[in-house]
Amino acid sequence: MSNLLGRHRAVMPSWLSLYYEQPIEIVSGRGRRVTDSDGRTYLDFFAGILTTMLGYDVPEVREAVERQLRTGVAHTSTLYLIRSQVELAEQIAALSGIADAKVFFTNSGTEANETALLLATNARRSDQVLALRNSYHGRSYGAMAVTGNRGWKNSSLSPVNVHYLHGTDRDRFPHLSDEEFLAFCADDLRQVLATATATDVACLIAEPVQGVGGFTVAPDGLLARYREILDEHGILLVSDEVQTGWGRTGEHFWGIQAHGVTPDVMTFAKGLGNGFAIGGVVADGALMDALPANGISTFGGNPVATAAAKATLDYLLAHDLQANARRLGRLLVDGLRTAVEKLPVVGDVRGRGLMLAVDLVDPDGGAPSPALAARVLEEAKRRGLLIGKGGLHGHTLRMAPPLTLTEDEATEGLGILVDSLTAVC
């Protein structure tokens, strides 16, 4: 492994970070478990950053991909009809709740968000975009420009003119009730529109649950409050569902449904392909059709990726994995909250379905502690559990297991998490 690590460092950029003091190479997987090149097996509670949504070596997905490969056609491009692409688009359009919806497929969430920005800025003939503080929307030029997390912004240059709103920074206003905070945020949006922007703002882009930001969540209903104000000005609402889609939050199929509002545009990616590269945009048909120039996607929605995605979506719906996320998410978050009550290194535990987060803080002053988060990551790995981290200060543990997680595996992972947290106290 040390040889592979040295080769990685020689040819890969230094900013392409690796987890762990001794990074691992995952060489096989089945169910919710993976095995590294040293033969160690781990329960996976991060799913390739929420991407292997059904887990590993799922027969239905594997067989769909193999059927497509046996045709000899792995690629044709969007210049030709692709049956699995059309069928998948029909399903997603129906599930979106957006009237007269159309779908465009990409290879990633970053590309999907770029497309959403293109649709909105073209429709409104404006480069002005609203986004939330602590957000993350991708690593490309435009997606990075609307990212509100300094740790992931490599440039101040921007193709769009961005203004950031409050929303998930609820903890900065402990003196306000949830209702008072919603009113404060709505008033702030009105002030931004009245003072900081010109007319014809293109859109607000928002994650219903901020992924890289540490699974932080605005109070339910905030995006509906914002939508009322946006509608007064003709501003579009874009929901970034790259991490929150497909029932992962448990209570709803799309994260934005917690706010009781339907967006103009939704973006998606990650879990849909269960590891195969696919993303996309679903939007009002007139909005989607309004782009004035030609467009293609060479690889987006290719036959192999859409075959995998259709099999993944069919499996998810047939097995009601949204209900599983709701049930096991409650088990995990309740268990964590009970277990860590007396652990001074834990600042907060939160979760929506199978999106769970634990903030690590200095036990003396309560300041965010990325060092402790890194230590817990190592302790969990040592005990056979893979988890992630994030947050504005890098002090948040992120858990997002495959939606096929069993109750026994949830209980096992919970025990390892608690032991790992206890070990750093």
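Every read-out reported here was derived from the displayed coordinates using simple, explicitly stated rules and does not represent laboratory data. Keep in mind that what you see is a predicted model, and the values were worked out from it rather than measured. Neighbour counts are summed over all protein chains in view; Cβ atoms, including those assigned to glycine, are modelled from backbone coordinates with ideal geometry.
Here are the numbers:
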{"item": "Net lengthening on full extension, T71/R172 (0.36 nm per residue, minus Cα-Cα)", "result": "30.7 nm"}
{"item": "Sorted by Cβ density within 10 Å, fewest first, the residues H8, H252", "result": "H8, H252"}
{"item": "Cα extents of the range 73-318 along the three principal axes, largest first (Å)", "result": "58, 39, 35"}
{"item": "Helical mean residue ellipticity (222 nm; -39500 (n - 2.57) per DSSP H run of 4+; nearest 500) of the chain", "result": "-12000 deg cm²/dmol"}
{"item": "Estimated dipole of the chain in Debye, rounded to 20 [Cβ of Lys and Arg +1, of Asp and Glu -1, Cα centre]", "result": "1000"}
{"item": "DSSP bridge orientation in the chain - percent antiparallel, rounded to nearest 5", "result": "65"}
{"item": "Centre separation in Å (Cα based) which lies between the range 212-248 and the range 49-128", "result": "21"}
{"item": "Pair V162, R383: separation of 7 Å Cα→Cβ label points (nm)", "result": "3.7"}
{"item": "Cβ-defined net charge surrounding W254, 15 Å radius [Lys, Arg +1; Asp, Glu -1]", "result": "-1"}
{"item": "Solution diffusion estimate, µm²/s, Stokes-Einstein, the range 1-104, Kirkwood Rh from C-alpha pairs, 25 °C, viscosity 0.890 mPa s", "result": "139"}
{"item": "Of A89, N107, H75, farthest towards positive along the dipole that unit charges on Lys, Arg, Asp, Glu beta carbons give the range 65-127", "result": "H75"}
{"item": "Among 233-243, 373-383, the order from most to least packed when residues are scored by Cβ within 10 Å on average", "result": "233-243, 373-383"}
{"item": "Alpha-carbon centroid distance for the pair the range 328-395 / the range 4-44, whole angstrom", "result": "22"}
{"item": "Sorted by Cβ neighbour density within 10 Å, fewest at the top, the residues F173, F104", "result": "F173, F104"}
{"item": "Beta bridges by DSSP in the range 73-318, antiparallel share as percent, to the nearest 5", "result": "45"}
{"item": "Per-residue Cβ neighbour rank within 10 angstrom, fewest leading, D57, D408", "result": "D408, D57"}
{"item": "Sites E90 and N122 - FRET efficiency at Förster radius 41 Å, r taken between beta-carbons, to 0.05", "result": "0.95"}
{"item": "The chain: translational diffusion in µm²/s, Stokes-Einstein, Kirkwood Rh over Cα pairs, 25 °C, 0.890 mPa s", "result": "110"}
